[in-house]
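The values are calculated or read from the model by the stated rules, or taken from the named source; none is laboratory data. Quick caveat, the model's predicted, so the values are computed rather than measured. Every residue, glycine among them, receives a Cβ derived from its backbone with ideal geometry; neighbour counts consider all protein chains shown. Note: accessible area is taken over every heavy atom of the protein model, side chains too, but ligands, DNA and RNA are not part of it. Shrake-Rupley method; radii C 1.70, N 1.55, O 1.52, S 1.80 Å.
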Amino acid sequence: MAGGTRCTVAVLALLLLASLPYAAGEESGGVVFLLQDQSTLERDWYIEGDSVNMLPVIVNNGVDTSIDNDPSCGVSLQILDLNGVLLVDESPLCRGQSQTLDLDSGEEHSFSSLTWDLTREDGSFVEPGTYIVQAFHSATETVVSQEIYVQTSVDVSPDLEIILELNSRLSPLQHGEEIILGVVLRNPTSELSLLPQVDDCYVDLNINGASTLAMSCFDSVPALEPYEQILLGHVLLQDSSLLQGLNTIQASLPSQALLQTTSFTLEASESIDTSPQSRTKVQLLQNAPAEYRFSGQDIFSSVVQIENIGEDTLEFHFTDSCRAEMWVVNDLNEVVFDSRLLKNCNALELDYSIEQDGKLQFTLPDWTFTDLEGCDVPTGKYSLVAEIPEFHLAVHHTIEYQQYASSDCASSPQFEVYPELMSTGSGFNLNLTLDAMKSDVDLRWIDSCSLSVAIIDLSTITEVNEQFTMCNSLEGRHFVLPFGEDAESLTLEAGYIEMVDSMSQPLDDGQYQMILTFQSSQPVRVGFALNWPLDGQVSTVEQTVEAVVEEEPRTVSGTWSGLQTELGTCWMFETVDEEQILLSSALLGPWVPQQGWSGTYEVVDAPAHPACEMFQAPSVQVRTLEAETPLQETEEVVEQSVLDSEEEAVDEQAAIIVPSVIVVVASGSLLSMLFAVLLSNESLRIPSTAAGLWFLGLIGRTHETSDGRYQRGRLMGYLTANPGCHFRALMAALDMSNGQITHHLRILESEEGIWRRKDGRLVRYYPLTNSLHPNMNEDDLPVPPLSPDPNSLQGKILSLLDHDGPLGEFPTQAELANRLEKSQQLVSHHLRTLQKFGLVEKRKMGLKNRYKLTREAIFLLETSTDFTRED
């Protein structure tokens with residue numbers, strides 16, 4: 001490496017020539033060949049403008065001797081890469097002359113300096129990486145070499161930008177407290193930006209004048225999509241590199257490309273003892289393999305380890321109960337978890353001693369991948385900072401998290417969507433243009449297929465098909481759409497939509513609605529209506545600027561009756577208050593009203609269905625089904641059905657009801673106008689929020705009781721019936737948010753009503769009874785049965801994985817699709833559902849993601865009479 005004097009030694013093997021009578025007796029001494037680095041750099045790498053300057057030296061550590069030498073060149077420069085490819089070779093300049101070089105005992109002979117300007121023989125700079133500088137002594141064919149590290153410039157668009165973000169647990173930043181620096185590479189333009197495929201390019205991070213190579217330049221990403229950004233890495237800043245008062249940090253790609261500077265002031269804090277930092281090694285040890293990608297069913301468990309690397313025994317005197325704590329930042333450098341916000345640091349005096357080379361471990365609080373608001377965190381990279389607060393010992397560790405299902409817990413970003421349709425064949429190509437409405441929009445893609453398209457037949461108000469598109473391109477990527485007058489739109493090529501039903505039969509001519517669901521971290525749904533076939537080849541979008549308002553759902557109870565009109569069946573609903581309302585549409589999967597059936601539903605106002613346009617009664621869209629009773633059942637059965645449905649509604653609705661979201665819809669007059677425009681085969685600019693706006697506002701909001709005892713009663717009842725249910729399955733079964741269920745589980749544990757046990761990466765919960773207690777053998781513990789239909793696609797996937805697992809074979813998504821003779825998009829959808837319920841897990845094996853059964857799924861297949869297992 002450059003800087004100071006560093007030598008690499010090679011013994012001259014040719015000293016044993018027969019012409020040297022004393023060489024044969026030279027066993028341990030003799031002549032050595034040295035290469036001295038004469039560079040005077042303050043850093044340990046070279047950049048453009050630097051020159052490598054090496055001085056070849058021969059030293060005779062033995063008796064007087066002589067060696068052959070070519071006076072025309074002496075020693076020649078050679079440059080090789082790590083693959084042994086010769087990039088520069090000056091040895092052909094040697095003319096083959098010969099002379100004898102006499103060396104007295106102890107004599108040191110220097111040759112001419114070797115200089116390299118980091119270029120190839122054609123004059124172009126080498127790429128960033130490690131290179132071998134080699135001195136070749138032609139007369140004796142002896143070489144001596146030294147590795148150097150080079151950071152030359154890379155071909156990157158100057159429009160890209162580096163973003164530096166600082167954060168800590170405390171605000172404002174304080175000297176003596178751990179600070180995390182996030183380094184982000186962002187494409188702020190509406191154009192794709194290709195990135196050079198260079199493995200050894202690193203960000204030059206300069207903190208108060210001291211430079212270091214901190215992280216990879218591009219994180220192996222081949223290109224940045226429009227408005228995409230990637231986290232290059234986090235850096236934990238500790239006291240040794242920071243100053244009280246003004247601090248300056250610079251970050252750039254090689255040769256100062258995309259240079260970004262930030263300055264900040266650290267407020268003075270109480271004097272602290274930082275001596276343990278130089279005498280300890282702190283590590284965060286997680287409960288999963290180093291490259292493991294965490295997902296929705298996981299809980300992050302870890303310990304922080306302190307190792308004494310000094311010579312003396314270390315003494316630690318703790319004065320409170322917060323001995324080891326953890327906080328977490330996301331890829332925007334926002335604090336999303338802080339264990340000290342969940343507890344009190346009570347006075348407690350404890351002493352620990354660590355002898356030389358000894359280790360001390362503390363268990364850190366578990367993290368369930370929820371943020372400070374109790375919401376599921378989105379897909380991305382997270383850095384966990386583990387601290388020993390009283391002694392200012394800290395370490396950070398970065399992990400990846402994969403979100404498998406959208407969460408509507410967080411606030412909703414708002415943007416507008418412009419669909420463009422190009423008719424071709426039996427369908428159309430769909431392009432989407434997105435514009436931020438009120439502020440920058442954070443858009444994260446979480447699935448291998450980024451868009452699902454549901455086709456609803458307006459004549460029957462039923463979903464006739466669902467297609468998946470935008471596959472294998474955006475999963476895990478993070479876009480930030482800018483807001484402002486000068487901001488350009490984001491255009492997505494959504495792919496080809498085929499107008500066929502679920503049996504691949506062409507759809508009849510008529511009116512259809514397209515519901516587009518973005519597979520993103522927050523639920524986003526937009527929609528539009530069309531007449532099929534399209535009148536023209538291309539259908540574009542006109543801008544609308546009317547304001548939008550939030551629509552609150554309401555609950556109605558009553559009875560259905562259908563009237564046949566020229567445009568189809570108009571469904572009327574007579575409420576218990578003798579009010580008549582009309583059905584516009586419903587998002588309940590295959591559900592349709594039945595003549596004379598009664599029920600309770602959650603609805604919002606909506607434009608009239610074409611079959612009901614002649615009537616003056618208000619129209620509604622049905623969002624959720626609370627309870628429903630056939631005509632022939634008695635009133636007593638109705639009441640009992642309502643009571644029974646409270647326990648089963650979550651599971652039933654999970655299969656048929658679109659996930660609940662917040663709705664933003666336009667006013668009634670605006671909607672009527674938009675509906676008329678759409679039915680005339682014109683496109684419409686559709687305002688959307690990440691909660692899922694589409695112009696008819698067809699998505700509902702889940703109602704949850706705030707009665708804590710009631711919810712814990714539900715939880716206890718479910719665990720009594722399903723002991724051993726894991727965390728995420730409980731969330732799905734009881735329709736609770738991550739924060740809710742965590743809260744209630746903690747209370748039940750503190751009341752000793754339940755207990756838990758880890759099962760791999762899962763945590764299973766059991767009611768505390770005489771027959772179920774923590775001292776039981778693991779093999780005696782029950783696993784709750786589940787019962788998917790073995791003839792369904794999900795059942796067939798489970799059967800295939802069950803067949804392959806014992807053979808040590810774990811298929812990819814594409815392999816499953818091929819064997820099942822289904823589209824890869826459809827298989828991807830069902831794999832994601834199986835992962836959500838803890839039956840299938842995805843593992844990175846080599847370059848591909850492969851799938852295997854969880855322990856719970858194996859138990860299911862072993863105990864189910866519906867499944868036939870192959871031995």
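For the reader, a short list of remarks on this structure follows.
- Projected over every direction and averaged, the convex hull enclosing the alpha-carbon atoms of the stretch 97-191 yields 14.2 nm².
- Flagged links, alpha-carbon separation over 19 Å, of Lys381/Lys438; Lys796/Lys842; Lys796/Lys822: Lys381/Lys438
- Start at zero, step by 10 Å, and the Cα-Cα distances of the stretch 207-255 spread as 18, 44, 27, 11, 0 percent across the bins.
- Cα-based shape type of the stretch 182-301, given that a ≥ b ≥ c are square roots of the gyration tensor eigenvalues and the cut on a/c is 1.5: oblate
- Difference of contour (0.36 nm per residue) and Cα-Cα distance, Ser241 to Arg554: 106.8 nm
- Probing with 1.4 Å while keeping every protein chain in the model, the per residue accessible area of the stretch 308-365 equals 54 Å².
- Extending 7 Å from the Cα toward the beta-carbon at both Thr274 and Thr460 defines two label points whose distance is 7.2 nm.
- Derived scalar couplings ³J(HN,Hα) [the stretch 469-483; Karplus, 6.51 cos²θ - 1.76 cosθ + 1.60; whole Hz; x for Gly, Pro]: 9, 6, 8, 6, 9, 10, 4, x, 8, 10, 10, 10, 7, x, 10
- Fully extending the segment from Ala487 to Asp117, taken as 0.36 nm per residue of separation minus the present Cα-Cα distance, adds 128.9 nm.
- Per principal axis, descending, Cα span of the stretch 82-133 in whole Å: 43, 26, 20
- Span per principal axis, largest first, for the Cα atoms of the stretch 250-379 (Å): 46, 42, 32
- Phi-derived couplings, Karplus 6.51 cos²θ - 1.76 cosθ + 1.60 at θ = phi - 60°, listed residue by residue for the stretch 801-813: 5, 5, 5, 7, x, x, 8, x, 10, 10, x, 8, 4 Hz, with x used for Gly and Pro.
- Estimated inter-spin distance, Asn53 and Asn431, nm [label 7 Å along Cα→Cβ]: 5.8
- Around Trp367: net Lys/Arg minus Asp/Glu count, Cβ-Cβ under 11 Å: -4
- Amide proton proximity set for Ser459, modelled H, under 5 Å, gap of 5+: Gln511
- Cα-based radius of gyration of the stretch 412-489 once divided by 2.2 N^0.38 Å, which approximates compact folds: 1.32
- Full-extension gain in nm, Leu166 to Asn287, via 0.36 nm per residue minus C-alpha separation: 40.7 nm
- The phi-based Karplus calculation (6.51 cos²θ - 1.76 cosθ + 1.60; θ = phi - 60°) puts the 3J(HN,Hα) values of the stretch 766-776 at 9, x, 7, 9, 5, 9, 10, 8, x, 8, 6 Hz, whole numbers, x for Gly and Pro.
- Annotation: amide H-H contacts under 5 Å for Leu451 (H modelled 1.01 Å from N, sequence separation of 5 or more, or interchain): Thr469, Gln519.
- Taking other residues whose beta carbon is less than 14 angstrom from the beta carbon of Asp486, and scoring Lys, Arg as +1 and Asp, Glu as -1, yields -4.
- Sites Lys844 and Ser72 - FRET efficiency at Förster radius 51 Å, r taken between beta-carbons, to 0.05: 0.35
- Its Cα gyration tensor gives the stretch 358-409 an equivalent ellipsoid; the semi-axes, largest first and in whole Å, are 28, 12, 10.
- Förster radius 51 Å - calculated FRET efficiency between Leu82 and Asp535 (Cβ-Cβ, nearest 0.05): 0.25
- Estimated distance in nm for a label pair at Gln505 and Leu93, the labels positioned 7 Å out from Cα along Cα-to-Cβ: 8.3
- Fraction of accessible area attributable to carbon and sulfur, the stretch 261-336 (%, probe 1.4 Å): 43
- Using a probe radius of 1.4 angstrom, the carbon and sulfur fraction of the accessible surface of the stretch 390-486 is 44%.
- Residues of the stretch 173-203 with amide N under 20 Å of a point placed 7 Å along Cα→Cβ from Val221: 181-203
- Placing R0 at 22 angstrom, the Cβ-Cβ distance between Ile309 and Ala210 gives a FRET efficiency of 0.50 after rounding to 0.05.
- Residues whose amide H falls under 5 Å from that of Thr280, counting only those 5 or more places apart or on a different chain, are Ile309, with hydrogens built in the peptide plane.
- Principal semi-axes of the equivalent ellipsoid, √(5λ) from the alpha carbon gyration tensor of the stretch 347-442, are 50, 16, 12 Å from largest down.
- For the peptides 484-495, 247-258, 315-326, the ranking by mean Cβ contacts within 10 Å, running from highest to lowest, is 247-258, 315-326, 484-495.
- If you take all other residues with their beta carbon under 10 Å from the beta carbon of Ile309, and give Lys and Arg +1 and Asp and Glu -1, the sum is -1.
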